[in-house]
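What follows is one structure encoded as structure tokens, with my remarks underneath.
The values are calculated or read from the model by the stated rules, or taken from the named source; none is laboratory data. As the structure is a computational prediction, the values presented were derived from the model and not from experiment. Every residue, glycine among them, receives a Cβ derived from its backbone with ideal geometry; neighbour counts consider all protein chains shown.
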Amino acid sequence: MITRRRALAAWAALVAVAFAVGGLLHARGVLRIDHLPPLHALARLPTLALLPAAAFAVVAVPALPRLTAHLPMRAALAAAFGASLAWTVLLAVSGEGLAWPFTHPQEYLAGLGAVGDDPLGWLAGFTRDLPAYPTHVRGHPPLPVLVLWALAAAGLPGPFWAAVLVVVTGCSATVAIGLAVWRVAGEEAARRALPYLALCPAAVWIATTMDAFFAGVGAWGTALLVLGARSRTGRVTLGLGAGLALGALPYLSYGLVPYLVVPLVAAVTAEVPRTTVAACLGGMAGVSALFAAGGFWWPAGVLATHAEWAADPGAARPYLYFLVADLAVLALVTGPAAAAGLAAPGRAGERILPVAALAAVLALDVSGVTRGEVERIWLPYALWIVAAAGRTGAGRAGDRRLLAVQAVAGLLLQGFVRSPW
């Protein structure tokens, strides 16, 4: 059996080797577009602006485990969500600001001009016109842009409101994953996972990338599905809601197809009734039917995006290095406590959802289409893996130190890494 100490040593060794080899490859000109490999980022020095986030961590590390352990479950979930939101925002404002990443000319908002007042016309021509769009639009299906278009149409345009949507949805994944763990592994397991979900290093990117929105949608889709296992009156409604959320995932990011293994494993483990599963499948089919009716054929989108990816400098990144380096980035995003939690003894039910998410990540990693820039791509998967940290038990003093290490990891990443998202 892998001990906690060995798991933490393996975590540190993986990260150290990835940075050492990445630095050597960058110095030799092999990695020209990555200046701080394995991260797609630049190095910087921390400033005093990081102090509010550090002060919050000092208070939250001892207080949050007590709150999530003793409050009524709904209040515990609310406390974890509030802490996640505060932690994420404080980290973001210590750098370039909450909305800055969404002002980048290659981001999704830059593609709204092409949509204009005709989203259906834009959708029908999306695949045909793909080469003319900003980088992030070219690399994804059309739904992220349509979400931001709908936000602007509702009277909330611009980078600030896009950031609010992404941060709130991304942080709400803490609640959704807590609910799913509660139904699959029990209330105690969920309570122990909540502090780690709230203070995870992934918060550094939750405030800066649309992938945090994807994480929230996927987490709520899974949560609604397993909640249907305990509901007698809302089985169809919950299943349909789960289906709409999960069915949207392939239209938010092509890389989220393997994510569907998480709700599948959750449904089997929680023994979700057939009526809920049928409603979920119906909702998923309905999403695909709507996009097809609008003129977007998903397989054609995959082929067009792959062609754009193959012509991008990122496709020239060395496969073998990033096969390992991408896992090192996953280690950074999830933090050392996740590694310790995966190795910790205990009931298999507490480990099954994080392991399902890890298996999905490994499938994407081996495929080779995720070479670098995965600190954002891994977000939807990483939050489920972070839930494994709860297996260490945040209520004990030794394990509370692991929670402190998680917070320190987030502070170090925010302080020393300048991400383009």
Filter result for PRO52 (assigned to a loop (DSSP other than H, G, I, E, B), more than 22 Å from the chain's Cα centre (by Cα) and either at pLDDT 95 or above or over 25 Å from LEU412 (Cβ atoms) (or both)): no
What are the residues in segment 124-137 that are surrounded by fewer than 20 Cβ atoms within 10 Å (Cβ to Cβ) and assigned to a helix (DSSP H, G or I), if any? ALA124, LEU130, PRO131, ALA132, THR135
Condition test on ASP399, is it acidic (Asp, Glu), in a helix (DSSP H, G or I), at negative phi and modelled with pLDDT under 95? yes
In segment 199-254, the residues that are in a loop (DSSP other than H, G, I, E, B), touching a residue at least 60 places away in the same chain (Cβ under 8 Å) and out of contact with any Gly (no Cβ under 9 Å at 6 or more places or on another chain): MET210
Just one of ALA307, ALA245, ALA278, ALA285 is within 23 Å of LEU123 (Cβ to Cβ), surrounded by fewer than 22 Cβ atoms within 10 Å (Cβ to Cβ) and at pLDDT 95 or above; which is it? ALA285
Can you name every residue in segment 298-323 that is touching a helix residue (DSSP H, G or I) at 6+ places or on another chain (Cβ under 8 Å) and either among the hydroxyl-bearing types (Ser, Thr, Tyr) or closer than 25 Å to ARG391 by Cβ (or both)? THR305, TYR321
Looking at THR88, THR103, which is the one that is among the β-branched types (Val, Ile, Thr) and either surrounded by 22 or more Cβ atoms within 10 Å (Cβ to Cβ) or farther than 30 Å from HIS140 by Cβ (or both)? THR88
